Amino acid sequence: MPDLTGKYYALTIFAVLGCVKGFVEAFAARSRGRGGEESSKAVSKLFILAGILTPVFIPAEIIFFERPVSLSFSLLFSAVFFVLMYARILAIKALGSFYSVDIRIADAHRLVKTGPYRYFRHPIYLIGLIESFVYPLAPGAFLTAAVSAAVSFPLILFRRAEEEKALLEKFGAEYEIYKKATWF
């Protein structure tokens, strides 16, 4: 019988989380709005590259290093990951047709202040920051978590700043008031 305290359960957790992430990504792709001017495509391509490499490095690290990770540790971070994915779906739903993988301001764009946007200006980016290390940590890929966070944090913060500029340009004083009433 395989050792369930080792890499086998870690790989199983990785596979389950990968499937959940895949379903959320499919939902996001289906929800993507159209129209308007898009920017920051280079950063979007870097996110895609990181999104492809992370699930390659996680199982490689699990298999190569064979670090024992407690099941309770893995389940805790898995639960956090599930909450993050649910929150991401809620944020995408709140944006509706204004959701895009690129920074895009549609012609009929309105400032969304419902759902998680009541409290956070950029909940999807905040979720991305947390997810960048939670996803690899759940199955015990500590090195991948560190690299993923180190790569994702500056990209997300840069992208957030670019989106802030675009929203301020589009909505002006309304966005300034919204900024003061929300975090991140």
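Coordinate-derived values only; no laboratory data. Note that this is a predicted model, so its numbers are computed, not measured. Heads up, the Cβs are rebuilt from the backbone with ideal geometry, glycines too, and the neighbour counts pull from every protein chain shown.
General observations
- Angle between the chain longest axis and helix 71-95 axis [Cα atoms, degrees, rounded to 10]: 20 degrees
- Inter-site label distance for Thr182 and Phe65 at 7 Å from Cα along Cβ, in nm: 3.6 nm
- Entry for Cα extents along the principal axes in Å (calculated from the structure that is shown) out of (1) 54, 42, 28; (2) 53, 42, 37; (3) 62, 29, 28: (3)
- Residues whose placed amide H lies under 5 Å from that of Phe120, excluding near-sequence neighbours: Trp183
- Counted by Cβ distance under 15 Å from Leu111, the other residues give a net charge of +3, where Lys and Arg count +1 and Asp and Glu count -1.
- With the simple model of a label 7 Å out from the Cα in the direction of the Cβ, Ala29 to Leu53 spans 2.1 nm.
- Entries in Lys21/Lys180; Lys7/Lys93; Lys45/Lys180; Lys93/Lys179; Lys7/Lys45 that, when Cα-Cα distance is taken, lie over 29 Å: Lys21/Lys180; Lys7/Lys93; Lys45/Lys180; Lys7/Lys45
- Database remark: amide H of Ile103 closer than 5 angstrom to the amide H of Ser39 (H placed geometrically; neighbours at sequence offset of 5 or more, or on other chains; Pro and chain starts carry no H).
- Computing FRET efficiency as 1/(1 + (r/R0)^6) for Lys113 and Thr12, where r is the C-beta to C-beta distance and R0 is 30 Å, gives about 0.15.
- 12 Å beta-carbon shell around Phe153, net charge (K/R +1, D/E -1): +1
- Whole-Hz ³J(HN,Hα) from phi, Karplus 6.51 cos²θ - 1.76 cosθ + 1.60, for the stretch 109-114, glycine and proline x: 4, 10, 6, 8, 10, 10
- 3J(HN,Hα) from dihedral phi, the stretch 42-47, Karplus parametrisation 6.51/-1.76/1.60, rounded to Hz, x for glycine, proline: 5, 5, 4, 5, 5, 4
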